[in-house]
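Visitor: Below you'll find the structure I mean.
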Amino acid sequence: MRIGVEEEFHILEVESGLLVPRADAILRRAGGRTFQTELHQCTVESNSAVHTSLHELYTDLTTMRRRLDAAASSLGLAVVAAGTAPLAPGVSSHLTADPRYSHMAEEYRKVADEQLICGAQVHVDVPDRDMAVRVMCEVSPWLPVLLAVSASSPFWQGTDTGYASWRTLLWQRWPTAGPAGCYSGAAEYDAAVDEFVRSGVISDAGMIYYDVRPSAHLPTLELRVCDACPRPETVALIAGLFRALVATALERLDGHAAPACGGRHEWLRGASWRAARSGLEGALVDPETRQEAPAPRVVRKLLTRLRPALEGQGDWQTVRALAEATLADGSAAHRMRRVAQREDLLRCVDMLIAETRGGRVRRERGAHGHRRTVSPGRRFTSAVVPGRSPSRTDPRSSVGVPRRPVQSPPP
């Protein structure tokens, strides 16, 4: 079962940590069709190739990040993979020049204005569109767990929101965002989408923003619930878990089983809210009991449930190791808060820049006081992926990040 990933990145001015509308300039330097613009010029998207191996996917993701980083660095900028930028202003007026985006800005106003968020989407092969819709229903109960793993947006406009994924709350303001409904097959799903378009609520099928959906142009099921993830290892973990969820659902449905959800999805919005609120540091809704349970217990229950599929794909050791490392380190939201509380939000931005590049920020004392440097970070080592050598860290990862004065967030 092949997988592919789309990642969205914020574009930041390095010294201030603020969003800047420079997507077109970065893409001119990055080149190729791998990258593209989004609604706002302060965001850029990358598209991986299609892979069967998590290691190959990880290598592809890190290669694309290095290309983006090189293009951004040449302009004095940085790209950051996170649900929200910690010091982002609340509104951007720099739309990408496109009639569709102009219509969205005019129709949805502040919802579109504040679409300063980034996500990570995972595509997994499915046999056909009809099966994609049926699998969509099967996997939905476990998607809040993947959201919790990805949570990386605790800050908005320079303040702590109290949520691990504030991006989720912003995203769910769109009329078609959130948990998908339960459909018997492609015909019923497509009829519901057509009804949305005819009602004038959305302008086209591409504006169906469910947490999971059949792709409109590829034979895949697309995961859309997750925040963008600073560490590429987290993206690989989520991709492996989602592929195993799809494989498990396909095997069950091949036996002509009835939908596991029983047609009831209304509880999922609350489960998604719980995941957005707590991340991995609090309670989640256990999809089997629908009761509150500690996040590590729910994550490990998901691993146990998916073990046969993970072993079938050759992913068990890798995914288990990445999951345990993630539980030990905490969500990106937790790591960001820890840095911000210990120092400040600018240091938090430094951490995001470093992790997006594949490294870490550390402090060293030199002759002229403290300075920031970016050190090589965790990689897919042979201990995680048997038989594979670690990918090389880009030399730019060791370039020092200059010390800058602390600035207040914009009003």
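Visitor: Roll a 1.4 angstrom probe over the protein heavy atoms and tell me the percent of accessible area of the stretch 28-170 that is carbon or sulfur.
Guide: Values: 2370 of 4760 Å².
Summing carbon and sulfur atoms, their accessible area is 50 percent of the total for the stretch 28-170.
Visitor: With a 1.4 Å probe and all protein chains left in place, how much accessible area per residue does the stretch 170-213 have, in Å²? Could the numbers behind the result be given before it?
Guide: Working: 1760 Å² over 44 residues.
Per-residue value: 40 Å².
Visitor: Could you calculate the contour length gain from Asp204 to Arg252, that is, 0.36 nm times the residue separation minus the distance between their Cα atoms, to one decimal place in nm? Numbers along the way, then the final one.
Guide: Values: separation 48, 0.36 × 48 = 17.28 nm, distance 3.24 nm.
Result: 14.0 nm gained on full extension.
Visitor: Please calculate how many Å² of accessible area the stretch 1-62 carries per residue, with a 1.4 Å probe and no DNA, RNA or ligand atoms counted. Before the final figure, lay out each step's value.
Guide: Details: 2260 Å² over 62 residues.
On a per-residue basis, 36 Å².
Visitor: Please report, as a whole percent, how much of the solvent-accessible surface of the stretch 282-351 comes from carbon and sulfur atoms (probe radius 1.4 Å).
Guide: Details: 1440 of 3130 Å².
Looking at the stretch 282-351 in its full context, I get 46 percent from C and S.
Visitor: Return a whole-number percent for the relative contact order of the stretch 176-306, with Cα pairs under 8 Å and 6 or more residues apart as the contact set.
Guide: Values: 95 pairs, mean separation 24.7, N = 131.
Relative CO of the stretch 176-306 lands at 19 percent.
Visitor: Given a 1.4 Å probe and every protein chain left where it sits, what share in percent of the accessible area of the stretch 189-243 is carbon and sulfur?
Guide: On the way: 920 of 1630 Å².
Here carbon and sulfur together make up 57 percent of the probe-accessible area.
Visitor: Quick one: length gained pulling Arg297 to Thr159 fully straight, 0.36 nm per residue minus the C-alpha distance?
Guide: So the chain would gain 46.7 nm between Arg297 and Thr159.
The values are calculated or read from the model by the stated rules, or taken from the named source; none is laboratory data. Treat the numbers as computed from the prediction; the structure is a model and nothing was measured. For accessibility, only protein heavy atoms count, side chains too; no ligands or nucleic acids. Shrake-Rupley method; radii C 1.70, N 1.55, O 1.52, S 1.80 Å.
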